[in-house]
Amino acid sequence: MVLERLVGHFRLGDIEVVGLADKHKCESAPDHDSDGTSTDSRVEACPPNNPIDLDNAIQIIETGGLRIAIWGDNRAVPGPSLDHYLRNVDVLILPIETVLTRDEVDAILRKYDPKAIIPAHYFLNGLTTAVSGLESADGWVHDQEKVHPANVRRLDSAELKLSPVRLEGSHHRLYYFGDHFDRK
């Protein structure tokens with residue numbers, strides 16, 4: 001089942017999904033009508049000036065005693081009404097390097113303080129094409145290893161099993177799939 005941009009509160013068995021309405025990450029587009037003499041050649045196309053087609057959602061999935069937030073392509077600073085949902089997540093899945101900048105990721109981690117982080121939405125050798133525009137998360141992960149070597153877990157497969165017990169005492173533990181993926 002695809003849960004793209006699902007907003008609301010849903011329950012299926014022991015799985016609870018809360019879709020938080022927010023906005024897609026947005027950057028102003030170049031002004032194609034500019035004569036080139038202006039120092040400001042960007043058109044403000046981001047909300048609130050262009051609210052259409054930029055709706056998005058952050059998903060929070062609660063199951064097995066874990067609260068997992070999937071950030072998606074959302075902006076780095078969601079509306080303040082979402083803060084109380086995001087401050088209590090165990091696992092935060094973030095788009096590293098391509099959607100969010102390193103500074104934005106750092107600010108999100110400081111603000112919401114998850115037990116674990118999983119990079120997502122990055123270039124995967126053998127799966128992603130060069131025209132995708134995605135970048136590898138390897139550089140960011142490598143930098144995290146330099147600062148917090150004990151907190152980085154490079155996975156050797158496309159499978160990760162987490163539990164509240166396994167995350168007990170964790171603080172910003174990084175799980176990185178690298179180029180591992182399952183073709184199912």
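The values are calculated or read from the model by the stated rules, or taken from the named source; none is laboratory data. Source: prediction; values computed, not measured. Cβ atoms come from the backbone with ideal geometry, glycine included; neighbour counts cover every protein chain shown. What goes into the accessible areas is simple: the full protein's heavy atoms, side chains included, and nothing from ligands, DNA or RNA. Shrake-Rupley method; radii C 1.70, N 1.55, O 1.52, S 1.80 Å.
Confirm whether K184 is in a loop (DSSP other than H, G, I, E, B), more than 19 Å from the chain's Cα centre (by Cα) and among the charged types (D, E, K, R). Working first, answer last.
On the way: in a loop (DSSP other than H, G, I, E, B): yes; more than 19 Å from the chain's Cα centre (by Cα): yes; among the charged types (D, E, K, R): yes.
So K184 fits the description; yes.
Scan the range 12-19 and give yes if some residue there is surrounded by 10 or more Cβ atoms within 10 Å (Cβ to Cβ) and at pLDDT below 80, otherwise no. Looking for residues that are surrounded by 10 or more Cβ atoms within 10 Å (Cβ to Cβ) and at pLDDT below 80, one finds at least one in the range 12-19, hence yes.
Among residues of the range 156-184 that are on the phi > 0 side of the Ramachandran plot, those with a Cβ under 8 angstrom from a residue that is in a loop (DSSP other than H, G, I, E, B), sequence gap 6+ or separate chain, pair up as H172/D113; H172/P114; H172/K115; H172/H148; G178/L155.
All conditions in (1) without any contact (Cβ under 8 Å) to a residue 24 or more places away in the chain; (2) of a type outside the set (A, V, I, L, M, F, W, C); (3) under 18 Å from L155 (Cα atoms) hold for H121, with the sole exception of (1).
Restricting attention to the range 148-170 and to residues that are open to solvent by 100 Å² or more (accessible area, probe 1.4 Å) and in a loop (DSSP other than H, G, I, E, B), the residue that is farthest from E135 (Cα to Cα) turns out to be E168.
Each row is one residue, and each column tells you yes or no for (1) modelled with pLDDT of 90 or more; (2) charged (D, E, K, R); (3) open to solvent by 30 Å² or more (accessible area, probe 1.4 Å).
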| residue | (1), (2), (3) |
| --- | --- |
| P78 | no, no, no |
| L86 | yes, no, no |
| V89 | yes, no, no |
| P114 | yes, no, no |
| Y122 | no, no, no |
| T129 | no, no, yes |
| S136 | no, no, yes |
| G139 | no, no, yes |
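The set of residues from the range 60-97 being of a type outside the set (D, E, K, R) and within 10 Å of the chain's Cα centre (by Cα) comprises A69, I70, W71, G72, N74, A76, L92, I93, L94, P95, I96.
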